[in-house]
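K.L.:
Please see the structure below; I have some questions.
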Amino acid sequence: MSSANQPRNVVALSGGIGGAKLALGLYRVLPRGGLTVIANTGDDFTHLGLHISPDVDTALYTLAGLANPVLGWGRRDETWTFMATLERLGGDTWFRLGDGDLALHVERTRRLAAGETLSRVIAGVAERLEIAARIVPMSDDPVRTRVRTAEGELDFQEYFVRHQCRPVVTGMGYAGAQNARPAPAIAAALADPALEAVVLCPSNPYLSIAPILAVPGIREMLAATAAPVIAVSPLIGGKAVKGPTAKIMTELGIPVSPAAVADYYGNLIDGFILDQRDAALASGLKPKVKLADTLMNTLEDRERLARECLAFASELR
Ligand code: FO1
């Protein structure tokens, strides 16, 4: 496939760390302005009076080259004076906010209180950080992922950070989703005749992609887009690279297999990128399959997987 046939205009649906890695690969191989990232906001919450948007911020920091390479979330070269001082004062420290990161939460909270939409705030920050891609929250209306567990229903961050994903998951809900509207830039991106591919990043399907799909209208827009929709497997050899995807699938009684993820996305996707280590499973998948190395340790890995996604989309067009 010649590079002239490669997609130039791509939408990526992303959760946090794993999704942002592929988004960065796409950002680096596409021309400037060619990428739109639709970020999950089901993980958002109000903490210490501040509006925190973890997956949006992970996308912002990752594309801006500011992401913390060790944690995967937050900023590189971060300092923690605020947290240490808060601890000294007996404050709430289970959710860690670095000093530089704190500035973004304070500024976002101020602008939201002044009446700006989340989309507008994020677009403004992306511009300040000189990001040549659109980072769009799935909705400007509040949607909150709630995790039902054997120990009761928990807010996402309570489950994920405070309880370290330990409680057994029995289900999840996306509070507010029914009344949420897709952020305005989503319709524009998905209806763009120049759109050449939609990529569901290898984020947790149930915790990160599902909240995006729960916003009425987004699923329909994805179904209506002329561009091929492809998903990248979040599992390699029956394990998630990071995070609780495999644990949650087991607890929900779903087989921990890429086929189950492909089935979950159903006819929303036209193609599925399966890790090459799972080649033996390819025949059990319903959508068209491409094998690739989906492990993204290095920047080169991210760019390589991004190119594989684009080539696959070209084949499917
Ligand atoms: N994850 C943690 O495991 N512990 C934290 O203290 C923590 C703080 C935090 C602050 C800002 C931010 O943007 C993300 C943060 N995360 C933290 C990550 C976050 O909980 C998850 O990565 C996502 O919500 C899942 O995609």
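K.L.:
Restricting to the stretch 14-31, name every residue that is open to solvent by 10 Å² or more (accessible area, probe 1.4 Å), at pLDDT 95 or above and either closer than 17 Å to Tyr61 by Cα or within 16 Å of the ligand (Cβ to nearest atom) (or both).
P.N.:
Lys21, Leu24, Tyr27, Arg28
K.L.:
So in the stretch 264-300, with the set limited to residues that are free of Cβ contacts under 8 Å to residues at least 12 places away in the same chain and open to solvent by less than 50 Å² (accessible area, probe 1.4 Å), which one is nearest to Ala210 (Cα to Cα)?
P.N.:
The selected residue is Gly266.
K.L.:
Which count do you get for residues in the stretch 37-53 that are surrounded by 24 or more Cβ atoms within 10 Å (Cβ to Cβ) and either away from the ligand (no atom under 12 Å from the Cβ) or farther than 17 Å from Val143 by Cβ (or both)?
P.N.:
Counting residues in the stretch 37-53 that are surrounded by 24 or more Cβ atoms within 10 Å (Cβ to Cβ) and either away from the ligand (no atom under 12 Å from the Cβ) or farther than 17 Å from Val143 by Cβ (or both) gives 2.
K.L.:
Could you please tell me which pairs satisfy a Cβ distance under 8 Å, a separation of 6+ or placement on different chains, a first residue in the stretch 187-210 that is at negative phi and open to solvent by 10 Å² or more (accessible area, probe 1.4 Å), and a second residue that is more than 16 Å from the ligand (Cβ to nearest atom) and of a type in the set (Lys, Arg)?
P.N.:
Note: pairs meeting the criteria are Ala189/Arg134; Ala194/Arg8; Glu196/Arg8; Glu196/Arg317.
K.L.:
Here are some residues: Val56, Val11. Which one is part of a strand (DSSP E or B), at pLDDT 95 or above and open to solvent by less than 10 Å² (accessible area, probe 1.4 Å)?
P.N.:
Val11
K.L.:
Under the condition of being open to solvent by 40 Å² or more (accessible area, probe 1.4 Å) and of a type in the set (Val, Ile, Thr), which residue from the stretch 60-96 is nearest to the chain's Cα centre (by Cα)?
P.N.:
Per the stated criteria, the residue is Val70.
K.L.:
Right, another one. Scanning for something within 14 Å of the ligand (Cβ to nearest atom), free of Cβ contacts under 8 Å to residues at least 40 places away in the same chain and open to solvent by 70 Å² or more (accessible area, probe 1.4 Å), does the stretch 166-179 turn up at least one residue?
P.N.:
yes
K.L.:
Would you pick out the residues in the stretch 225-251 that are open to solvent by 40 Å² or more (accessible area, probe 1.4 Å), among the hydrophobic types (A, V, I, L, M, F, W, C) and either under 17 Å from Gly15 (Cα atoms) or touching a residue at least 60 places away in the same chain (Cβ under 8 Å) (or both)? Reasoning before the result, please.
P.N.:
Going residue by residue through the stretch 225-251, those that are open to solvent by 40 Å² or more (accessible area, probe 1.4 Å) are 226, 237, 239, 241-243, 247, 250-251.
With the extra rule that they be among the hydrophobic types (A, V, I, L, M, F, W, C), the set shrinks to 226, 241.
Selection gives Val241 alone.
The values are calculated or read from the model by the stated rules, or taken from the named source; none is laboratory data. In this text, all values refer to a predicted model and were calculated from it rather than measured experimentally. Every residue, glycine among them, receives a Cβ derived from its backbone with ideal geometry; neighbour counts consider all protein chains shown. Each accessible area value is taken on the protein alone, full model and side chains, heavy atoms only, with ligands, DNA and RNA left out. Shrake-Rupley method; radii C 1.70, N 1.55, O 1.52, S 1.80 Å.
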